[in-house]
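S.K.: This is the structure, below, for whatever I ask next.
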Amino acid sequence: MDIDRRTLIGGAAALPLAASAISAAPSDDYWESVAREYDVTREVIQLEHGNWGMMARPVLAAYRANVERVNRDTSYYARRTMVPDLQAAQAAVAQFMGVSVEEIAFTRNATEAMKALILQYNQLKPGDAVLYADLDYDSMQTSMESLARRRGVNVIMIALPEPATRQSLIDTYRTAFDANPNVKMVLLTHLSHRTGLVLPIAEIATMARERGIDAIVDAAHSVGQLDFKLPDLKSDFIGMNLHKWIGAPLGCGAIYVRRDRLSAIDPDPAENPKSSDILTKVHTGTPDYAAHLTVPAALAFQEKIGGARRAARLRALRDRWVRQVASLPQVQIFTPDDPASHGAITSFRIRGHTSHEDNVALAKALLDKHRIFTVHRDGLASGSCVRVTPALASRMSDCDALASAIRSIVT
């Protein structure tokens, strides 16, 4: 097989299967053709796609080609022509996200990006305050808490409402901002890994800006699961994954800093302290170059589907099982039916069963008795839950099986 440079960095030549399989009409046959692009396990019904995303077959083929190239040519490639290829991949991410190439850089994951944004944010002084919520990711909560000893700031944690609406979420943050006028930075998670709840980021970030508060946005689960461009979030600082809902290889994330705010994030300690270049905000050493070189192939695959179509399909998979069990008095659903407030991810619990042990047992029952794989999630102010995460590899029949299993368990 002849592999050219365009294939290696993920151009159209890397996508022969997607080009032929993905048609224009979103029919059942269309979505079946999309699902067949993924080699999902058949040992169980896999409804835990939130850990990382699966590469579609053409993306996996591009990754294998890139691994072979990097492994075969090593420094002969790296020191001559790999940098332009990586720059082309970076430009593809910028274009997909709707920002300039000077505002975005590769990381190994969203956590690496978010740690840089939180810990290297240099606009805090002793006596200021920072704010985060119970649904934020654990590592980000810990990073925020560390600012107390690092920067001498007060750290405030709030609990988000259950059940939530877009307005109640806006009101919760408004109340917290107004009650704590010394807040200078807030962590906002666009789509919660715990429950799937989507925050109205643009509204909250705009409200924060009006009060002199910078919003640092965790888009680890929203990029590729929801349909938006980064400027839509009205936020200057965003961390994201590319190996979850974009379907790039493991080890791919990105950091975004708006061009005129680059000086607000210090360079990584291993970088030139006087540089404001976005590339100096994270120092990864030697990453998986083959993974980063494959990102354009993943973006091209997703673009063939289309952002609005993909987001609608993911919401439909969520709705398929939720609507069959939401009326059961024993079942508590953690995302509202408002399509703007959820994507694919939604968590649930059996009412009154809020402990870690209860929800570990619930996920185990789904697996052992029904061969459905989900995962328990802790950290909510109200207790634990079970997270359900379908993806493009999922079928409606998978969601029907889950609904049937939940009915069996609760009745």
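S.K.: Counting heavy atoms of the protein chains only and a 1.4 Å probe, report the per residue accessible area for the chain as a whole number of Å².
M.R.: 41
S.K.: A follow-up question, please. Going by amide H atoms built from the backbone, whose H comes under 5 Å of the H on LYS281, apart from near neighbours?
M.R.: Residues meeting the amide H criterion: ASP268.
S.K.: Please give every one of the lysines within straight-line cross-link reach of LYS125, meaning a C-alpha to C-alpha distance under 23 Å, and leave out same-chain neighbours fewer than 8 residues apart.
M.R.: LYS115, LYS184, LYS274, LYS281
S.K.: By accessible area of protein heavy atoms, probe 1.4 Å, what ranking do MET55, MET114 get, highest first?
M.R.: MET55, MET114
S.K.: So, one more: Can you put GLU303, GLU145, GLU103 in order of accessible area, largest first, using a 1.4 Å probe? Mind showing how you got there, number by number?
M.R.: Values: GLU303 110, GLU145 85, GLU103 20 Å².
From most exposed to least exposed: GLU303, GLU145, GLU103.
S.K.: Which of rounded, prolate or oblate describes region 265-379 when judged by the alpha-carbon gyration tensor and an a/c cut-off of 1.5?
M.R.: Verdict is prolate for region 265-379.
S.K.: Between beta-carbons, use under 12 Å as the cut-off and find the net charge around GLN123, counting Lys and Arg +1, Asp and Glu -1. Each step should come with its number before you reach the end.
M.R.: Numbers: positive: LYS125, ARG151, LYS184, ARG261; negative: ASP128, ASP214, ASP236, ASP266.
Here the charged neighbours net out to 0.
S.K.: Could you name the lysines in cross-link range of LYS304, using Cα to Cα under 29 Å and dropping any fewer than eight places away on the same chain?
M.R.: Reachable lysines: LYS229, LYS234, LYS244.
S.K.: Compute from the Cα atoms of region 104-194 the Rg and the Dmax, the latter being the longest Cα-Cα distance, and quote both in angstrom.
M.R.: When restricted to the Cα atoms of region 104-194, Rg and Dmax are 13.5, 37 Å.
S.K.: With a 1.4 Å probe and all protein chains kept in place, how much accessible area does HIS190 have, in Å² rounded to the nearest 10?
M.R.: Its heavy atoms expose roughly 10 Å² to the probe.
S.K.: Once you have the Kirkwood Rh of region 53-107 from its Cα pairs, apply Stokes-Einstein at 4 °C and 1.567 mPa s and quote D in µm²/s.
M.R.: It diffuses with D of about 102 µm²/s by this estimate.
S.K.: How much net charge surrounds ILE305 when only the other residues with a Cβ under 13 Å from the Cβ of ILE305 are counted, with Lys and Arg +1 and Asp and Glu -1?
M.R.: +1
S.K.: Continuing with this model, one more query. Please list, short to long, the whole-number percent of alpha-carbon pairs of the chain in consecutive 10 angstrom bins beginning at zero.
M.R.: In whole percents, the pair-distance histogram is 5, 22, 30, 26, 14, 3, 0.
S.K.: Given R₀ = 25 Å, FRET efficiency for GLU357-GLU162 by Cβ-Cβ distance, to 0.05?
M.R.: That pair, GLU357 with GLU162, gives E of 0.75.
S.K.: Hey, another quick one. Obtain the nm distance between the two label points defined at ARG149 and ARG36 by a simple spin-label model: each point lies 7 Å from its Cα along the Cα-to-C-beta direction.
M.R.: 5.6
S.K.: Please give the calculated 222 nm ellipticity per residue for the chain, where each DSSP H segment of at least 4 residues contributes -39500 (n - 2.57) and the sum is spread over every residue; nearest 500 deg cm²/dmol?
M.R.: Helix contribution divided over all residues of the chain: -13000 deg cm²/dmol.
S.K.: Next question, about the same structure. With charges set only on the Cβ (+1 for Lys and Arg, -1 for Asp and Glu), what does the dipole of the chain come to about its Cα centre, in debye to the nearest 20?
M.R.: Charge dipole, the chain, about its Cα centre: 180 debye, nearest 20.
S.K.: Sticking with this structure for a sec: Give me the percent of the accessible area of the chain that comes from carbon and sulfur atoms, probe 1.4 Å, all protein chains in place. Walk me through the numbers on the way to the answer.
M.R.: Numbers: 8500 of 16940 Å².
Taking all protein chains in place, the chain shows 50 percent carbon and sulfur surface.
S.K.: Percent relative contact order of the chain, based on C-alpha pairs within less than 8 angstrom and at least six residues apart?
M.R.: 23
S.K.: Test of understanding: what is the full-extension gain from ALA91 to ARG211, defined as 0.36 nm times their sequence separation minus their Cα-Cα distance?
M.R.: So the chain would gain 39.8 nm between ALA91 and ARG211.
S.K.: Express in Å², to the nearest 10, the accessible area of HIS283 obtained by rolling a 1.4 Å probe over the protein heavy atoms while all chains stay in place.
M.R.: So the heavy atoms of HIS283 present about 90 Å² to solvent.
S.K.: Label-point separation (nm) for ALA365 and ILE170, each offset 7 Å from Cα along Cα-to-Cβ?
M.R.: 3.9
S.K.: ³J(HN,Hα) across region 217-230 via Karplus (A = 6.51, B = -1.76, C = 1.60, θ = phi - 60°), whole Hz, x for Gly/Pro?
M.R.: Couplings: 9, 8, 10, 4, 9, 8, 5, x, 8, 10, 9, 6, 10, 4 Hz.
S.K.: Let me check the size of region 141-181 from its C-alpha atoms; what are the radius of gyration and Dmax in Å?
M.R.: Values for region 141-181 (Cα only, Rg and Dmax): 12.6, 35 Å.
S.K.: May I ask what percent, to the nearest 5, of DSSP beta bridges between residues of the chain are antiparallel? If you can, show how the numbers build up before the last one.
M.R.: On the way: 21 of 42 bridges.
Close to 50 percent.
S.K.: Residues with amide H under 5 Å of ALA105's amide H, sequence separation 5 or more or different chain, H placed in the peptide plane at 1.01 Å from N; which?
M.R.: ILE255
S.K.: Shifting gears a bit: Can you pull the Kirkwood radius for region 146-246, inverse mean 1/r over Cα pairs, to one decimal in Å?
M.R.: Hydrodynamic radius (Kirkwood, Cα pairs) of region 146-246 is 14.3 Å.
S.K.: Still on this model: Using the Cβ atoms and a cut-off under 12 Å, what net charge is assigned to the surroundings of ASP136, where Lys and Arg are +1 and Asp and Glu are -1?
M.R.: -3
S.K.: Amide H to amide H, which residues 5 or more places from GLU48 or on other chains are under 5 Å from it, using H placed in the peptide plane?
M.R.: Here the answer is THR389, since their amide H atoms fall under 5 Å of that of GLU48.
The values are calculated or read from the model by the stated rules, or taken from the named source; none is laboratory data. Since the model is a prediction, treat every value here as computed from it, not as a measurement. Don't worry about glycine lacking a Cβ; one is built from the backbone with ideal geometry, like all the others, and counts go over all protein chains shown. Remember, those area values only see protein heavy atoms, side chains included, never the ligands or the DNA or RNA. Shrake-Rupley method; radii C 1.70, N 1.55, O 1.52, S 1.80 Å.
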